[in-house]
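The values are calculated or read from the model by the stated rules, or taken from the named source; none is laboratory data. A quick note: this is a predicted structure, and the numbers were derived from the prediction, not measured. Positions of Cβ are backbone-derived with ideal geometry, glycine not excepted, and every protein chain shown enters the neighbour counts. Just the protein is used for accessible areas: all its heavy atoms, side chains included, with ligands, DNA and RNA removed. Shrake-Rupley method; radii C 1.70, N 1.55, O 1.52, S 1.80 Å.
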Amino acid sequence: MSLVVVQENGQGRYQQTVIAGEHRLIADEPVSVGGADAGPAPIEFVMAGLGACTSMTLRMYAERKALPLTRVTVELTHQKMEVDGVIRDRILRTIALEGELTPEQRARMLEIAGRCPTARVLSQPLLLDCQLAE
C-alpha cells in the first residue's frame, strides 16, 4: 500500500504540500483559476505519474530485451471531449523513442506502453473511496 499525504501549507490560496515517502512536492492551481501557479495542478500530477510510469516501463522492457533504446520522452496532454453526448476526459500520450529500433520493435514498445501499471489503473473502472478522518 502506498501512502501520499496532501495538506494545505498556508502559502497561497490553493497551494498544497504533497508528501510521498521522503519526497516533498508543491501542488497549486494556475493563476487563471485563482492559484499562484507555485507547482503543478492536480491533473498535471496525474499526467506526470502516467508519463513517468510509461517511460520507466519502456526502459525496463528495453533492458530485458537488450533493445538499442537510447532515450524515451513522453508528452501528455489533457482535454475534455464529448463522446456519445457525455463529456469525458482524454489524456493523449505521445511517445518519442530514440535509438536504432526496427519498426517491429517500435510497434511492440507502443503495445508495452499501454501495459504500464499506471495506465492500467487509469484505463479500468477504479474503486475510488472517500471517508472522513476521525
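Scanning region 60-72 for residues that are of a type in the set (Val, Ile, Thr) and either open to solvent by less than 60 Å² (accessible area, probe 1.4 Å) or at pLDDT below 95 (or both) yields one hit, Val72.
When you go through Thr57, Thr77 one by one, which is the residue that is under 15 Å from the mean Cα position of the chain (by Cα), open to solvent by 70 Å² or more (accessible area, probe 1.4 Å) and polar (S, T, N, Q)?
Step by step, each of Thr57, Thr77 is checked, and only Thr77 is under 15 Å from the mean Cα position of the chain (by Cα), open to solvent by 70 Å² or more (accessible area, probe 1.4 Å) and polar (S, T, N, Q).
Criterion first (farther than 14 Å from Ala113 by Cβ and either at pLDDT 95 or above or of a type in the set (A, V, I, L, M) (or both)) does Glu75 satisfy it? No, not satisfied.
Kindly evaluate Ser32 against the criterion of being touching a Cys at 6+ places or on another chain (Cβ under 9 Å) and polar (S, T, N, Q). No: the conditions fail for Ser32. Of all positions in region 40-55, none carries a residue that is in a loop (DSSP other than H, G, I, E, B), more than 30 Å from Glu111 (Cα to Cα) and modelled with pLDDT of 95 or more.
Condition check: in contact with an Asp or Glu (Cβ under 9 Å, 6 or more places away or on another chain), at pLDDT below 95 and open to solvent by 60 Å² or more (accessible area, probe 1.4 Å). Does Arg93 satisfy that? Here the answer is no, as Arg93 does not meet what is asked.
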